[in-house]
Amino acid sequence: MSWFVRGILGGIHTMRRAVRAESAPGTTPGLPTSVSPATAEQRALEAICPTNAIVAEDGGVRVREERCVHCMRCSPAVTAASLPWRDDVAWVRGARREIDEAALRGAFRRSIHVRVVDAGDCGSCLSELTHLNDPLYNMHRLGIFVTPTPRQADVLVVVGPVTEQMRSALLEAYDAMPEPKRVLAIGACASSGGVFGPSFTSAAGAGDVVPVDAVLPGCPPPPLAILDALLALTGDRTR
Amino acid sequence: MTIRTLAPDQLVAACNELRLAGWRLATIAVTDSELPELRYVFWNTNGPGWQQLRVAPPSPMPEGVRRIPSLTPTIVAADWLEREIEDLFAIDFEGHPRLGDFVLHDSRWEEGVGPMRAGARTQQALVERAWRPRRVLRDEGAFVMPVGPVYSGEAESALFLLETVGEDVVRTVPRLFYKYRGIEKLAQQRSVDDALLLVERANGTSAFAHAWTYCMAAEEILQLAVPDRALRLRTIFAEVERIRRHIAVLRAIVDSTALWVPAARLLELEEHLLRMCGDLTGHRYLFGFTVIGGLQRDVNDEALTRGVARMKAIVGSVRSIVVQLERTSSFLDRIQRVGILSPERAHEFGVVGPFARASRVAYDLRRIQPYGAYQDAAFEPPTASEGDGYARLRVLAEEIAISLSIVEQLERDLRPGPVRVEWTPSAGEALAWCEAPAGATVQLLRLNDEGRCTLLRFTPPSFRNWQSFRWVTEDFAFQDFPIILATCGLSVAENDR
């Protein structure tokens, strides 16, 4: 039997629900969320957070999501003095201002081409990006395509903290893109430097090198969160 | 472990003696003190055992350079290790055939910075310089075709210089370390718990194996007895990770030959494993699962049993895809007799893991230098002898089945109990190793009595294997390049660290 026939007989495996409604177990690690007021134990979590994502202030605890690296030390599954963890995937937010969905819709309509630049990624963000091709997620049905050339790209996706030796390559890719263009930083490293930056080898994320429009926290953000972020850039997150 | 201290002029002879007696060079570590000491770490292929040769390099020459005899002419496997140390510690290896422009690119870093040395000035050392690849091939019409560092869809950043006279590529020189993050240096300023996060993120797709190795080193220093349940669960999830990573490599091979249907199916099966890990441990890539002293959280027994049943079905599906692939002649044509690594080369270059096992180099640390709960499981690592892309595919497929059998054997006798022990800081130094999905990984760790990491030497399998890549990519047709690359299953992130 040919692979083509086997493929047809395999049927459709793609998720039926909208991206933000999908809730199969194991699709997302979740993210800690801010609480106010917070208990003394919760406020003490500030000291054990390795990337200063947890800030105790005004009697509450504020979580800087873009810094969270999923070390799980404040997870309800690990400690009694935990923060509440969200299990949705709508994690993306504007880097400089709130994502103006209406304004972007005019520029991109419903289809976007994405150029991915690995600027020091550990491989997990890239792996999650690869899974957008997965029949389960199938980004093509949502009008999202990965392109090998920045000349045809609408969105530059950056993963990794931007190492010194990738800095000029990233800049060149950005400069080669036509206007209008958007930059999406994916993962804790690209959003904030993560566990690596800033350091003698790395910047504190993509924002240090190119103008970032939106950041997506997570270490790594799961495929659903990436899909939601890309849909946010097209201006239609309801799909 | 046997430790011997030698004078620099005894080094090469002593290492050669070990080589002839069946010992293999695992790594070279440099202590970061005023008078740096070099540590040559060997492991025994004939039975459990490690050995360290320590050499203090002579005091600096007038120009501030330290010089030591190179091992590379005797043991080729030392080549990249010495190039790396020359870049990072500014130690000169006398007699090494080619040093310079390796970890630190000449286009970005000043010469002789040695950022890993204590007190090295790293901030002022950055430059912007033009760089041109060296061209060796001088035939008429010969040129260098650069691929990278940014290329293809979700490819990792690396530059490949293909020396070609047209259709046929004569040789390939990889230029790596675009993603150099300096994990070994960054770890030195962090607590033992936080340095673990760096090691975990050296290669996100083999995170658990490296994190476990780090934990084993720390636990030996702190003299912790890890609870049996934690030991078994660690072994189980190391095998789950191996299965997942091997499926990802199979997928990449199939994808490189443009067979979309099996590629999509394998991607989906990998996703099911990721979800299983996420469901059982809280993280799809097992981040934050293993910590010093055991596991950060326990796993529900019933959920694990269900997970193993699900995994069995996944592995069954992978098996049937591989069987079909082996009947697809257009696929076999693309991977047979391409990217050949001869057993002699594999041995000489110290190649490890499934990559080596496909070239008849059968070393597997799970068997030869046991750790974790592997002595409780019966298994025999597979080998093949052709050393081509097809041999590597078969070894990967067989390892998936073996890993499943290890998981099933260990899961059967899993008893309830604690999964984590408390600890207090203490100073010391320890070596730990592990058969990561891509092969042997070795870490040398030193902690101080405040619980801070003061030395981390981390030699991952991809670093070993990339060294032989240029011999795998000699005399081939240009269109085979992505296929050869995929069959090698090399991680750039892991190599660059």
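The values are calculated or read from the model by the stated rules, or taken from the named source; none is laboratory data. Here the structure is a predicted model, which is why all the values come from computation and not from measurement. Here the Cβ is made from the backbone with ideal geometry for all residues, glycine too, and neighbour counts use every protein chain on show. These accessible areas exclude ligands, DNA and RNA; they are computed on the full protein's heavy atoms, side chains included. Shrake-Rupley method; radii C 1.70, N 1.55, O 1.52, S 1.80 Å.
Limiting things to C-alpha atoms, what are the Rg and the maximum Cα-Cα separation (Dmax) for segment B:1-44, in angstroms?
Reported Rg and Dmax, both Å: 11.0, 34.
Under the rule a/c < 1.5 gives rounded, and otherwise a/b versus b/c splits prolate from oblate, where does chain A land using the Cα gyration tensor?
Since a/c reaches 1.5 but b/c is at least a/b, the shape of chain A is classed as oblate.
Based on Cβ point charges of +1 for Lys and Arg and -1 for Asp and Glu, what charge dipole magnitude is obtained for the protein assembly as shown about its Cα centre, in debye rounded to the nearest 20?
With only Lys, Arg, Asp and Glu charged at Cβ, the dipole is about 1160 debye.
So which residues in segment B:254-276 end up with at least 40 square angstrom less accessible surface once the other protein chains are there, compared with the chain by itself, probe 1.4 angstrom?
At a threshold of 40 Å² (probe 1.4 Å), the residues of segment B:254-276 that become less exposed are B:Val261, B:Leu267, B:Glu268, B:Glu271, B:Arg275.
If I model a spin label at A:Asp236 and B:Glu429 as a point 7 Å from the Cα along the Cα→Cβ vector, what separation in nanometres do I get?
Inter-label distance under the simple model: 6.3 nm.
Would you work out if segment B:269-328 is rounded, prolate or oblate? Take a ≥ b ≥ c from the square roots of the eigenvalues of the alpha-carbon gyration tensor; rounded if a/c is under 1.5, else prolate when a/b is larger than b/c, oblate otherwise.
prolate
Of B:Thr459, B:Pro58, B:Ala313, whose Cα points farthest to the positive end of the dipole of chain B (charges on the beta-carbon: +1 Lys, Arg; -1 Asp, Glu; origin at the Cα centre)?
B:Ala313
Assuming a viscosity of 1.567 mPa s and a temperature of 4 °C, what translational diffusion coefficient in µm² per second does Stokes-Einstein assign to the protein assembly as shown, Rh being the Kirkwood radius over Cα pairs?
49
Determine the order of A:Arg93, B:Arg420 by accessible area, beginning with the largest, at a probe radius of 1.4 Å.
B:Arg420, A:Arg93
Compute the accessible area per residue over the protein assembly as shown, keeping the other protein chains in place, probe 1.4 Å, unit Å².
36
Please name whichever of A:Leu9, A:Tyr137, A:Gln152 sits farthest to the positive end of the charge dipole of chain A, dipole taken about the Cα centre and charges placed at Cβ: Lys and Arg +1, Asp and Glu -1.
Looking along the dipole axis, the top candidate is A:Leu9.
Which whole-number percent gives the relative contact order of segment B:36-174, counting Cα pairs below 8 Å spaced six or more residues apart?
That works out to 12 percent.
Any idea how far the Cα center of segment B:72-109 sits from the one of segment B:224-294, in Å?
34
Sequence-distant or interchain residues sharing an amide H contact under 5 Å with A:Val183, placed H: which?
So A:Val183 has HN proximity to A:Leu156, A:Asp213, A:Ala214.
Just want to confirm a number: the relative contact order over segment B:188-461, from Cα pairs under 8 angstrom separated by 6+ residues, in percent.
Relative contact order comes out at 29 percent.
Quick one: buried accessible area between A and B, total over both chains, 1.4 angstrom probe, nearest 100 Å²?
By this definition, chains A and B bury close to 5200 Å².
Tell me the volume per residue, in Å³, of the convex hull enclosing the alpha carbons of segment B:348-497.
Convex hull volume per residue, Cα atoms: 137 Å³.
If you roll a 1.4 angstrom probe over the protein chains with everything in place, what fraction of the accessible area of the protein assembly as shown belongs to carbon and sulfur, to the nearest %?
C and S fraction of accessible area: 50 percent.
So what is the relative contact order for chain A, in percent, with contacts set as C-alpha pairs under 8 Å and at least six apart?
About 24 percent, as a whole number.
Output the 0 to 90 degree angle, nearest 10, between the alpha-carbon long axis of helix A:223-234 and the longest principal axis computed from the alpha carbons of chain A.
Helix A:223-234 sits roughly 70 degrees off the main axis of chain A.
Using the Cα centre as the reference, give the magnitude of the dipole from point charges on the C-beta atoms of segment B:2-94 (Lys, Arg: +1; Asp, Glu: -1; all else neutral), rounded to the nearest 20 debye.
That gives segment B:2-94 a dipole magnitude of about 460 debye.
If the reach is capped at under 16 angstrom between alpha carbons, list the aspartates and glutamates near A:Lys181, excluding any in the same chain fewer than eight residues apart.
Cα-Cα hits under 16 Å: A:Asp100, A:Glu101, A:Asp154, A:Glu172, A:Asp213.
Can you list the HN-Hα couplings for segment B:298-309, worked out from phi with the Karplus curve (6.51, -1.76, 1.60; θ = phi - 60°), rounded to whole Hz and with x for Gly and Pro?
So the J values, rounded to whole Hz, are 7, 10, 5, 4, 5, 5, 5, 4, 5, x, 5, 4.
Rank by packing, highest mean first: peptides A:24-35, B:2-13, with packing defined as the count of other Cβ atoms within 10 Å averaged across residues.
So the peptides A:24-35, B:2-13, ranked by packing, come out A:24-35, B:2-13.
Could you give me the ³J(HN,Hα) list for segment B:17-23, computed from phi with Karplus coefficients 6.51, -1.76, 1.60 and θ = phi - 60°, whole Hz, x at Gly and Pro?
Per-residue couplings from phi come out as 4, 4, 4, 5, 8, x, 8 Hz.
Let me know the charge dipole size of segment A:125-239 about its Cα centre in debye, to the nearest 20, where only the beta-carbon of Lys, Arg (+1) and Asp, Glu (-1) is charged.
200
Simple spin-label model, 7 Å along Cα-to-Cβ: B:Gln223 to B:Ser342 in nm?
Placing both labels 7 Å beyond Cα along the Cβ direction yields 5.2 nm.
Would you check the accessible area of B:Met1, probe 1.4 Å, heavy atoms only, in square angstrom rounded to 10?
120
Under 1.5 on a/c is rounded, so check that first for chain B, then, if it is not, pick prolate when a/b is larger than b/c and oblate when it is not; a ≥ b ≥ c are the square roots of the alpha carbon gyration tensor eigenvalues.
Cα axes put chain B in the oblate bin.
Provide the per-residue ³J(HN,Hα) series for segment A:33-46, in order, calculated from phi with Karplus coefficients 6.51, -1.76, 1.60 and θ = phi - 60°, each as a whole number of Hz, with x at glycine and proline positions.
10, 5, 10, 7, x, 10, 6, 4, 5, 5, 5, 6, 5, 3
So, counting K/R as plus one and D/E as minus one, what does the shell of residues with Cβ under 13 Å around A:Leu156 add up to?
Taking every Cβ under 13 Å from that of A:Leu156, the sum is -2.
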